[in-house]
Amino acid sequence: MIIIKAGGSAITKKSEDFTPNMEVISNLAQEIKEAGRVSILVHGAGSYGHPIAKKYSLGKGYFDDYQLKGFSETRASVSELDSIVLKSLMKNGLTPVKIGTFSNFITSNGRIVEFHKEPLLRAIELGLLPVFTGDLVFDRTRVFSILSGDQIVSYLSRLLKPSRVVFGTDVDGIYTGDPKKENVKLIDTVTEENIKEVFKFAKDTGDASGGMEGKLSEILPIFDMGIEIDVINLTKKGNLAETLRGNVKGTVIKKKNISK
């Protein structure tokens, strides 16, 4: 089993609100079809979720009724992107099925505390391609919270123990600093020996790889289970296909005693 996370920064255009990157979405679908080994796809909300969430301060949880309009708008917008991704997957001969984040997850203080897993397990049993997306969910402490696709991937990895997890972003992997700036290097491999240093890079820059600090916090529990994690640039055609064939185009995160 392989879990793929398609980052919102890759499948949407960050500079244009509510705009999909159709080339990346189409390539994603084609390369998943070619691989024939992917069990679960999780994608981010990107420019379909963040602008509204920021406008209404949804990341802070509920504190005023004016946020309810933003709650409704965000859920509708994320569903629109989800529909685009699902249609592209079907166009490429796959059989995806949406597993609703909003309806199946409950959080407390922003962390998952409950997941209705039966729809996912039945979909896997039938050979369907379950698709999740980062979304708003109800929260037992904050009333509602934003549940990221990265946290979903981390949770599902603990539940299902996949052989590999692939994070597709809009940069080439994990760097020694912010890849949007000069004088940083791509880190090809992360192991027990340098993972603490990599986390330090993320904390020092605040954005070590297109928002990598938060991603790394979700990657660490997966790493601790001995599961290989690959961080690649999803905007480059062929990267995912090569990675799924074992020729990783990016950063490989794994314990030394775990083979590919």
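Being touching a strand residue (DSSP E or B) at 6+ places or on another chain (Cβ under 8 Å) and surrounded by fewer than 17 Cβ atoms within 10 Å (Cβ to Cβ) is the filter here; which residues of the stretch 139-151 pass it?
Arg140, Thr141 - these are the residues of the stretch 139-151 that are touching a strand residue (DSSP E or B) at 6+ places or on another chain (Cβ under 8 Å) and surrounded by fewer than 17 Cβ atoms within 10 Å (Cβ to Cβ).
Does the stretch 32-53 hold any residues that are without any contact (Cβ under 8 Å) to a residue 60 or more places away in the chain and either over 18 Å from the mean Cα position of the chain (by Cα) or on the phi < 0 side of the Ramachandran plot (or both), and which are they?
Selection gives Gly36, Ser47, Tyr48, His50, Pro51, Ile52.
Counting only residues that are assigned to a helix (DSSP H, G or I) and within 17 Å of the chain's Cα centre (by Cα), which one in the stretch 90-103 is surrounded by the most Cβ atoms within 10 Å (Cβ to Cβ)?
So, considering only residues that are assigned to a helix (DSSP H, G or I) and within 17 Å of the chain's Cα centre (by Cα), the one surrounded by the most Cβ atoms within 10 Å (Cβ to Cβ) is Thr101.
Within the stretch 19-40, can one find any residue that is of a type in the set (D, E, K, R), outside any helix (DSSP H, G or I) and surrounded by fewer than 20 Cβ atoms within 10 Å (Cβ to Cβ)?
yes
Just one of (1) among the charged types (D, E, K, R); (2) closer than 18 Å to Ser77 by Cβ; (3) touching a strand residue (DSSP E or B) at 6+ places or on another chain (Cβ under 6 Å) trips up Lys13, so point out which.
That leaves (3) as the condition not met.
Give just the number: which of (1) farther than 20 Å from Gly46 by Cα; (2) surrounded by 15 or more Cβ atoms within 10 Å (Cβ to Cβ) does Lys161 not satisfy?
Of everything listed in (1) farther than 20 Å from Gly46 by Cα; (2) surrounded by 15 or more Cβ atoms within 10 Å (Cβ to Cβ), Lys161 misses just condition (2).
Those residues that are assigned to a loop (DSSP other than H, G, I, E, B) and surrounded by fewer than 16 Cβ atoms within 10 Å (Cβ to Cβ), I need them from the stretch 58-84; list them, please.
Hits for the stretch 58-84 are Phe63, Asp64, Asp65, Tyr66.
Please list, ordered by first then second residue, the pairs with beta carbon atoms under 7 Å, 6 or more apart or interchain, first in the stretch 117-142 and free of Cβ contacts under 8 Å to residues at least 40 places away in the same chain, second assigned to a helix (DSSP H, G or I) and surrounded by 13 or more Cβ atoms within 10 Å (Cβ to Cβ).
Listed by first residue and then by second, the contacts come to Pro119/Asn104; Val137/Thr101; Val137/Phe102.
Laboratory data are not the source of any read-out in this text; all were calculated from the coordinates shown. All values reported here derive from a predicted model rather than from experimental measurement. Heads up, the Cβs are rebuilt from the backbone with ideal geometry, glycines too, and the neighbour counts pull from every protein chain shown.
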